[in-house]
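To start, the structure under review is shown below, and the notes come after it.
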Amino acid sequence: MASLNNKVGPVWVVAEQIDCRLLTVSTQLIGQARWLADELHTSVETILLGDDVERQAQNLMAAGADRVYLGNAPQLANYHPDTYTDIIVNLAQAHKPEILLIGSTAMGRELAPLVAARLKTGLTAHCIDLVLDENRNLEQRIPAYGGLLSIICPERRPQMATVAKGVFAAPELDETRAGEIIEIQLPDIVSDRIRTLEVVREEPEGVPLESADVVVAGGAGAGDLEGWKKIADLAKSLNAALGSTRPAVDEGWTELTTMIGQSGKMISPQLYIGVGLSGEQQHFVGVVDAKVMVAINNDDKSPVFQQVDYGVVDDCREFVPVLIQKIEEYLEKKVTC
């Protein structure tokens, strides 16, 4: 798509729903899109695809959208990469958005590059901030090289970015806001190359990271699988969610679903305990507004101690078992009393 020189196009958000429920990241992105659109003196528009999702279109307008392109059909109930890409690309080519934002979810991480490639535009993944530069280009900020790297796409439109849940605050809903709902016609656009045969849902084990009040995150300092199991035991003793850094995932000690950070999950706990991790920014950009932060590391010069409120300088493989024992003794005493 050609650069928009004379008139600034709208700011778009691809809203995501599961079982007719909007994902939190979608409303968070609308809040940021509203701010960007106000700065650009343009509108906020969203694309919502699903089945029986009319009510969610109203919620998108309450969150700040001026217009909702609604694809409402049984064949759109489940995410389909070919179909969703076709619909979004066709709409973008017709309406020429200035900016297009997508949540950094399992769906978004697949869908965004498919759309960007078809539109022959740039895409910045896992952004932790979105602002406008002096030329009113979208400045897409990601953590890199121990700091923040700003990326712009001055020549192509739309400017595309993915953002994880928790990066931006959710806006307050205004049920009195009015907007326009445009129903998308879907003739011959539904692809049959891939079909959904069955949807299997699994309940997550333990406390979900994104909503946990207490998070214990482990890193390479665990040393081995046995050391990692001790960190997992600490999380259980505190009824906390278990998180990780990328090295712990790469070692095979834990699943990718536990990873916190730039390419993982965003958390906002009351208490964060980092065990055996160095303090890399790629991890800590995922810890948003934690009330109290504690680190356990045997290197008193580790950068992690600059990120936290309290630090324990000790070998986590020796300290964590003692801490678990003290927690158990405290809980037993509390029950007895």
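Computed over the chain, the per-residue total of -39500 (n - 2.57) for DSSP H runs of n ≥ 4 gives a 222 nm mean residue ellipticity of -9000 deg cm²/dmol, rounded to 500. Comparing mean-square fluctuations of K236, K165, K265 from a GNM of the chain with C-alpha springs under 10 Å, the top value falls on K236. With θ taken as phi - 60° and the coefficients 6.51, -1.76 and 1.60, list the Karplus ³J(HN,Hα) couplings across the range 315-331 in order, rounded to whole Hz; mark glycine and proline as x. My calculation for the range 315-331 gives 6, 4, 5, 9, 6, 4, x, 5, 4, 4, 4, 5, 5, 5, 5, 5, 5 Hz in order. Each 20 Å bin, from zero up to the one with the longest distance, holds this percent of the alpha carbon pairs of the chain: 29, 50, 20, 1. Helix 81-95 versus the longest principal axis of the chain: what angle, 0 to 90°, nearest 10, using Cα atoms? Long axis of 81-95 versus the principal axis of the chain: about 50 degrees. For the chain, the solvent-accessible area works out to 51 Å² per residue, with a probe of 1.4 Å and every protein chain left in place. In plain terms, if you count all Cα to Cα distances in the range 109-254 and split them into 5 Å steps from zero, the share in each step is 2, 7, 9, 11, 13, 15, 15, 13, 9, 5, 2, 0 percent. Element breakdown for the chain at a 1.4 angstrom probe: carbon and sulfur atoms account for 48% of the accessible area.
With viscosity 1.567 mPa s and temperature 4 °C, the Kirkwood radius over alpha carbon pairs of the range 188-337 converts through Stokes-Einstein to a diffusion coefficient of 79 µm²/s.
In degrees from 0 to 90, rounded to the nearest 10, what is the angle of the helix 106-119 Cα long axis to the longest principal axis of the chain? Helix 106-119 sits at roughly 40 degrees to that axis. Highest GNM mean-square fluctuation among A295, A164, A232, for the chain modelled with Cα contacts below 10 Å: A232.
Across the options L114, S43, I102, the greatest Cα extent toward the positive end of the charge dipole of the range 1-115 (unit charges at beta carbon of Lys, Arg, Asp, Glu) belongs to S43. Residues whose amide H lies under 5 Å from that of V131, counting only those 5 or more places away or on a different chain, are E139, R141; hydrogens are built 1.01 Å from N in the peptide plane.
A simple spin-label model places the labels of A169 and I182 3.2 nm from each other, with each point 7 Å out along Cα-to-Cβ. Highest GNM mean-square fluctuation, the chain, Cα pairs closer than 10 Å: which of V11, V53, V313? Maximum fluctuation in the GNM of the chain, among the listed residues, is at V313. Extending 7 Å from Cα along the Cβ direction at N239 and again at R55 yields two label points whose distance is 3.1 nm. Relative to the current alpha-carbon distance between Q306 and A144, full extension at 0.36 nm per residue lengthens the span by 56.5 nm.
Relative to the Cα centre, the charge distribution of the chain, modelled as +1 at Lys and Arg Cβ and -1 at Asp and Glu Cβ, gives a dipole magnitude of about 520 debye. Close amide H contacts of V292 (hydrogens built in the peptide plane, cut-off under 5 Å, sequence separation of 5 or more or a different chain): L271, Y272. Angle of helix 24-40 to the longest C-alpha principal axis of the chain, folded into 0 to 90 degrees and rounded to 10: 60°. Label-to-label distance for D133 and E226 is 5.3 nm, based on points extended 7 Å past Cα in the beta-carbon direction.
The values are calculated or read from the model by the stated rules, or taken from the named source; none is laboratory data. Everything quoted here is computed from the prediction, not taken from an experiment. Positions of Cβ are backbone-derived with ideal geometry, glycine not excepted, and every protein chain shown enters the neighbour counts. All accessible areas refer to the heavy atoms of the entire protein, side chains included, with ligands and DNA or RNA removed. Shrake-Rupley method; radii C 1.70, N 1.55, O 1.52, S 1.80 Å.
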